[in-house]
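Taking it in order: structure first as structure tokens, then the write-up.
The values are calculated or read from the model by the stated rules, or taken from the named source; none is laboratory data. Please read all numbers here as calculations on a predicted model, not as lab measurements. Quick reminder, even Gly has a Cβ in these numbers, built from the backbone with ideal geometry, and neighbours come from all protein chains shown. The protein model used for the area step is the full one, side chains on, heavy atoms only, and it has no ligands, DNA or RNA in it. Shrake-Rupley method; radii C 1.70, N 1.55, O 1.52, S 1.80 Å.
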Amino acid sequence: IRHFEFSLIAMLLHGTGALLPAAKARRHYELSAEFSTTYLSRFGTLFAPQTQEIIRTLILCTGYDAQVDFAERLDPLWQQVAHAIGTAKLLGQIASADYLDRLPELFDELTLTHPKGSTGEIQPQSVQDLPSYFRNFVEKSLKERYGMVYMYYQFLSADHSNPYLESAEKHLRRV
């Protein structure tokens, strides 16, 4: 139950940094992680420092350029939880029905979190770059960074499909 509860808290707090004034200058998930520690410490012993660190680490794993090795500080079950949350953030956003409409906003976020030339990964500069970005960054992240936890969904489906991947592919075909 702890894993479920802490995961929910991390998911609920992972976007709070985007609401802070500094979000235009810093990565919002880093601000969210800092905010979570400050916020949860207000509850005293209910959220011990070790618990705050687990939630903070789970939030850090949601960034586009998240260093998933943050999760390696956690025990193996928490690592799986971190990978699931990172996968949900990345794949859920791309599969969202309004994804293509939100691209200008998301490009701004990617420019901040994934500056051109900062890594070997591609940064989409326009909608036309999305297919390449999906193949070279998203798919690679889902497989390598997040341990292919997206595959679990296919076990829940009678036809072994993954509607999130199907929705993302549909968006890519529209581009």
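Key figures for this structure:
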| read-out | value |
| --- | --- |
| Residue in the range 113-124 that is over 16 Å from G92 (Cβ atoms), modelled with pLDDT of 85 or more and exposed (fewer than 13 other Cβ atoms within 10 Å of the Cβ) present | no |
| Among the candidates Q128, Q79, Q93, residue that is in contact with a helix residue (DSSP H, G or I) (Cβ under 6 Å, 6 or more places away or on another chain) and either assigned to a loop (DSSP other than H, G, I, E, B) or at pLDDT below 90 (or both) | Q79 |
| Residue count for the range 38-56, restricted to those that are outside any helix (DSSP H, G or I) and open to solvent by 30 Å² or more (accessible area, probe 1.4 Å) | 3 |
| Scope the range 151-175; condition of a type in the set (F, W, Y) and surrounded by 12 or more Cβ atoms within 10 Å (Cβ to Cβ); matching residues | Y152, Y153, Y164 |
